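Just so you know, all these numbers are worked out from the coordinates, no wet-lab data involved. Note that the structure is a prediction, hence the values are computed from the model and not measured. Positions of Cβ are generated from backbone atoms using ideal geometry, with glycine treated the same way; all protein chains shown enter the neighbour counts.
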Amino acid sequence: MCLERFGAQVTLSADAQRQPGGGGVVRCLQDNHAVVLAHDGFFVGKAPEFERWVEAERARLKQRACWAIETLATAAAARGEHEAAVTWWRHLSALDPLNARIARALMGAQAAAGDRAGALRHARIHESLLRQELDAAPDPAVTDFARRLRDVSKEADGRS
């Protein structure tokens, strides 16, 4: 599948997302998600302009895919479909694992689905990735939410 066709499908999917259920976005992502990321090895020698274009297209398509996934995650959460929201936030986290906003949203979805342990595990993974990749501390939004989850767990254990 060519990148232009994928871009057109993502654009059409944005229109389809306004339909009940957003099925067009889901189908597009299921059919084409790998296309955006699988082309990392594509290379044409002595064609720097083409390479710049490919990189720009890859970034543009990734941005659109991220928007579509976040839209699906948010819609699932709004419908009370917490497990579905977790699945979509996980997909988004895989695309942008260092993003604190996404990490926090995934943790919130996991907590809403009743998986506080999973949310705390993701906070640890996120912190570890930040330290390894950027030698940076996690965003306070992530650490504060993790602390609140630990506090709730301790209170629940104390009542048992």
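Here are the numbers:
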quantity: Qualifying residue in region 119-136 (condition: in a loop (DSSP other than H, G, I, E, B), within 22 Å of ALA78 (Cα to Cα) and of a type outside the set (Asp, Glu)); calculated: no
quantity: Count - residues of region 86-109 that are small (Gly, Ala, Ser) and farther than 27 Å from ALA137 by Cβ; calculated: 0
quantity: Of all residues making up region 115-160, the number that are without any contact (Cβ under 8 Å) to a residue 40 or more places away in the chain and touching a His at 6+ places or on another chain (Cβ under 8 Å); calculated: 1
